[in-house]
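Just so it is clear, none of the values below were taken in a lab; they were calculated from the coordinates. Note that the coordinates shown come from a computational prediction; the quantities given were computed from them, not determined experimentally. Heads up, the Cβs are rebuilt from the backbone with ideal geometry, glycines too, and the neighbour counts pull from every protein chain shown.
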Amino acid sequence: MTEQRNSISMSIDTQSVDEILRLINSEDKKIAQAVEEQIVYIAKAVDLVILAFRNNGRLIYVGAGTSGRLGVLDAVECPPTYGTNPKMVQGIIAGGEKAMFRSKEGAEDKEKNGARDIDKKKVGMNDVVCGIAASLRTPYVVGAVKRAKQRGARTIYVTTNPRTKFDLPEFEDLISAIDVAICPEVGPEVIMGSTRMKSGTAQKLVLNMITTTAMIRLGKVYENMMIDLQMTNLKLRERAKRIVMTITGISYDEAVDYLTKSDFHVKSALVMIKANVSLSEAKAKLKRANGFVRTAIDGKEFHIL
């Protein structure tokens, strides 16, 4: 599907700038609907990821080209956003780190390369490996996912080709190695084969949904604000102050005071303020609540997978 010609854009080379932009935009509008149709499968993937995290496992993305870069991007954004250990969510791209910045043609053509990189990561039964391949058939990704399954990991596969493609005999070994397949059908690209467009956008949406939902269900969000961020720079320290001020209604100076007392641990500061307790009491409440601020404050449990 990703390599087919799009009948809507056959004359795009004759159109004005405005017409080209409107055509691209009209095709992009199809992406969200395609992703929505996969929510039942995305939910299953999230369940696997949450289980892995609760068992000290990892989420490891594997991809080539645009797909690989998207996996790496999602992985590297988790630590500053949610305060996770960098090892918790990782991205592997065919061709290694250099392929992030310059295309490395041919790096994706061998299954054994993907299997080798999974072995290097010492993937095990507590891990989840998520293969990302718009075309579905990328050898590097196929090899990585199959090897991950052999090593006992749970596996996810994100592709923008139809789910029915897995019924073809050539994918028999692959589908047997996949626990959850996510297949948003975005249709042919505006420019044939340019999967950095609709396919890439759909993949980015799916990865965002997986990690964001998992982090929420791990207690890293209170109301709709991220409360487990790391204070690695001035911007994040100021964001922490704004978060505490917004949630509690206290002043800037008071937020600074509480964050200083809690060693800039936003969760502890929030519980101290909202529950009117000391730092030691706040930490104890958070421990009993498995890190969920809402439960630590009011003692009421809610459904947690």
Practice problem: Two decimals is fine: what is log10 I(q)/I(0) at q = 0.14, 0.15 Å⁻¹ for the stretch 228-298, from a Debye sum with one equal scatterer on every Cα and no solvent? | Solution: -0.36, -0.41
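Give the residue list of chymotrypsin sites (Phe, Trp or Tyr not before Pro) in the stretch 217-305 that are DSSP loop and have at most 14 other beta-carbon atoms within 10 angstrom. The partial results should precede the final answer.
On the way: sites: 222, 252, 258, 264, 292, 302; in loops: 264, 292, 302.
Those that pass, being in a loop and sparsely packed, are 302.
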Practice problem: Treating each Cα of the stretch 130-221 as an identical point scatterer and ignoring solvent, apply the Debye formula and state log10 I(q)/I(0) at q = 0.15, 0.17 Å⁻¹. | Solution: -0.61, -0.76
Exercise. In whole Hz, with x marking every Gly and Pro, tabulate ³J(HN,Hα) for the stretch 86-97 from phi via Karplus 6.51 cos²θ - 1.76 cosθ + 1.60, θ = phi - 60°.
Key: x, 7, 5, 10, 10, x, 10, 10, 4, x, x, 4
Quiz prompt | Residue pairs, from the table 30/267; 44/198; 121/220; 98/122; 241/287; 30/241, whose Cα atoms sit over 29 Å apart | solution = 30/267; 30/241
Quiz item: How far apart, in nm, are the 7 Å Cα→Cβ label points at residue 261 and residue 290?
Solution: 2.9
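Might you report the magnitude of the Cβ-based charge dipole of the chain about its Cα centre, with Lys and Arg at +1 and Asp and Glu at -1, to the nearest 20 debye?
Working: 45 positive and 36 negative charges, 235 e Å.
Charge dipole, the chain, about its Cα centre: 1120 debye, nearest 20.
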Quiz prompt | Net length gained if the chain between residue 24 and residue 237 were fully extended (0.36 nm per residue, minus Cα distance) | solution = 72.8 nm
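Once you compute Rg and the Kirkwood Rh from C-alpha atoms, what is the Rg to Rh ratio for the stretch 33-145?
Values: Rg = 13.9 Å, Rh = 14.4 Å.
Ratio value, two decimals: 0.96.
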Quiz item: When DSSP assigns beta bridges and you keep just the ones with both residues in the chain, what percent turn out antiparallel, to the nearest 5?
Solution: 10
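For the stretch 228-298, calculate the relative contact order in percent as a whole number, restricting contacts to Cα pairs under 8 Å that are 6 or more residues apart. Mind dumping the intermediate values first?
Values: 71 pairs, mean separation 15.6, N = 71.
Once normalised by length, the contact order is 22 percent.
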Quiz item: If you line up the long axis of helix 198-217 against the longest principal axis of the chain, both from Cα atoms, how many degrees apart are they, to the nearest 10?
Solution: 30
Self-check item: Label point distance in nm, residue 101-residue 4, each placed 7 Å from Cα along Cα→Cβ
Solution: 3.9
Quiz item: Any idea what the relative contact order of the chain is, in percent, if you count C-alpha pairs under 8 Å spaced at least 6 apart?
Solution: 19
Quiz prompt | With at most 12 other Cβ atoms within 10 Å, longest stretch of the chain clear of loop trypsin sites (Lys or Arg not before Pro) (DSSP) | solution = 123-299
Exercise. Could you calculate the FRET efficiency of residue 192 with residue 44 from 1/(1 + (r/R0)^6), where r is the beta carbon distance between them and R0 is 51 Å, rounded to 0.05?
Key: 0.95
Quiz item: How far is helix 279-288 tilted off the main Cα axis of the chain, in degrees rounded to 10, range 0 to 90?
Solution: 50
Quiz item: When each pair of different Cα atoms in the chain is counted once in the 1/r mean, what is the Kirkwood radius in angstroms, to one decimal?
Solution: 21.0
Quiz item: Can you list the GluC sites (Glu not before Pro) in the stretch 91-163 that are in a DSSP coil and have 11 or fewer other beta carbons within 10 angstrom?
Solution: 105
Quiz prompt | For 168, 48, order by how many other beta-carbon atoms lie within 10 Å, fewest first | solution = 168, 48
Quiz item: Under 5 Å between amide H atoms, partner at least 5 residues away or on a different chain: which partners does residue 6 have, H built in plane at 1.01 Å?
Solution: 192
Quiz item: Between the helical axis of 266-275 and the dominant principal axis of the chain, each derived from Cα atoms, what acute angle in degrees is found, rounded to the nearest 10?
Solution: 50
Quiz item: For the stretch 228-298, with the dipole built from +1 on Lys and Arg beta-carbon atoms and -1 on Asp and Glu ones, taken about the Cα centre, which of 289, 275, 249 lies farthest toward the positive end?
Solution: 289
